[in-house]
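Shown next, in structure tokens, is the structure this report addresses.
The values are calculated or read from the model by the stated rules, or taken from the named source; none is laboratory data. Owing to the predicted nature of the structure, the values given are computational and were not obtained by experimental measurement. Cβ placement follows ideal geometry from the backbone for every residue including glycine, while neighbour counts extend to all protein chains displayed.
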Amino acid sequence: MDAASDMVGFWRPVGGAVVLKITITDLPDEQRWSLQGQLVGQWAAELKSTWRKERHASDTRRCIVELIEVTSIDRQGEAVLTEIMSQGAEFVASDVYTKHLLRNLRSELKRSHLKGKPDGSGNH
């Protein structure tokens, strides 16, 4: 299987710790985003920017976002995940907290669509 992987990631030291790494793997039938580190603050904004650059509405491939190695998510991170979720991405998580968070975000997204509210991504 041929796959092209791009590390778009941002390993940035904050007291010597990794903040966020984004790896995008393009396969013929899917695009896989692997996130490692902290999905917080400016790094959440960086993911949002990268998502908007790399993921196109005309791309019909399945999109999978792996959160297995994400260590923390703040409100900005939640907002970015909601935008990505609203565009049909599937998520993979391993820990109880992240799975619970994704369920809550999915429920909020469904409620907002039922009420006719915009999804926050600028796509109404």
Looking for whichever is of a type in the set (D, E) and surrounded by 15 or more Cβ atoms within 10 Å (Cβ to Cβ) here; the options are E69, E30, E46. Which one fits?
E46
Evaluate the range 53-63: report whether one residue or more is at pLDDT 95 or above, surrounded by 14 or more Cβ atoms within 10 Å (Cβ to Cβ) and not aromatic (F, W, Y).
yes
Within the range 16-55, can you find the residues that are small (G, A, S), under 20 Å from S94 (Cβ atoms) and over 12 Å from the mean Cα position of the chain (by Cα)?
G37
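Restricting attention to the range 73-95, which residues are in a strand (DSSP E or B) and either under 8 Å from the mean Cα position of the chain (by Cα) or surrounded by 18 or more Cβ atoms within 10 Å (Cβ to Cβ) (or both)?
Filtering the range 73-95 for residues in a strand (DSSP E or B) gives 73, 90-92.
Residues satisfying the conditions are I73, F91.
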Looking only at residues that are at pLDDT 90 or above and outside any strand (DSSP E or B) in the range 1-41, which one is farthest from V80 (Cα to Cα)?
P28
